[in-house]
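This is the structure I want to talk about, given as structure tokens.
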Amino acid sequence: MKSRTLMACSLICFAISAQAVYFAKDSPVKKISKQSAAGRRQRELALRGKALFAAYQCLDCHKLAGKGCIDGINLDGEGDLRTTSFLKEQLEDPEKHAAKIKPQETSLMTPPNMNRDEVQAVVAYLKTLKSAKRKAQNGKAN
């Protein structure tokens, strides 16, 4: 009887301490749930960017996964190759961005005339475009 009482007390103490950790201000559980929410928002943003990529007919001039313009700039692996700021500047003002990189050259890209939210979404999508080598490495890690 004494051992049952001791076991019951131990379980109750464990449950109370587990709740205290769960509801603590800096609980790892809360941090994980915040990261998950941020991850969901990022995925939603990238999905919106993918839809905008299609709506703005980017494959008319670019190539991706073997589709699009044959002579266009290949965007496969762009997420590994370019920084977020590079992609953002390129989408906001291709001519100005080209002049910044190579002053003597002009950009062939026509300005897509996207608003700030659309640029952010398309950049989020482009950042998901990883190279095949990178995808293989990520697959092995899982």
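All of the numbers you see were taken from the coordinates with simple rules; none came from a lab. Computed from a predicted structure; not experimentally measured. All Cβ positions, glycine included, derive from the backbone under ideal geometry; neighbour counts span all protein chains shown.
In what order do Phe86, Phe53 fall by count of nearby beta-carbon atoms within 10 Å, going from fewest to most?
Ranked by crowding around the Cβ, least crowded first: Phe86, Phe53.
I need the phi-derived Karplus couplings for the stretch 92-99: 6.51 cos²θ - 1.76 cosθ + 1.60, θ = phi - 60°, integer Hz, Gly and Pro marked x.
Once θ is set to phi - 60°, the couplings for the stretch 92-99 become 5, 7, x, 5, 5, 5, 5, 5 Hz.
Kindly flag which residue pairs out of Lys67/Lys102; Lys63/Lys130; Lys67/Lys127; Lys63/Lys96 have an alpha-carbon separation exceeding 25 Å in this structure.
Cα-Cα > 25 Å for Lys67/Lys102; rest within.
For Cα pairs less than 8 Å apart in space and 6+ apart in sequence, what is the mean separation divided by the residue count of the stretch 63-116, i.e. the relative contact order in percent?
Reported as a whole number, the value is 23 percent.
Taking neighbour Cβ counts within 10 Å as the exposure measure, how do Asp71, Asp117, Asp93 sort from fewest upward?
Lowest to highest Cβ neighbour count: Asp71, Asp117, Asp93.
When only C-alpha pairs under 8 Å and at least 6 residues apart count, what is the relative contact order of the stretch 38-131, in percent?
41
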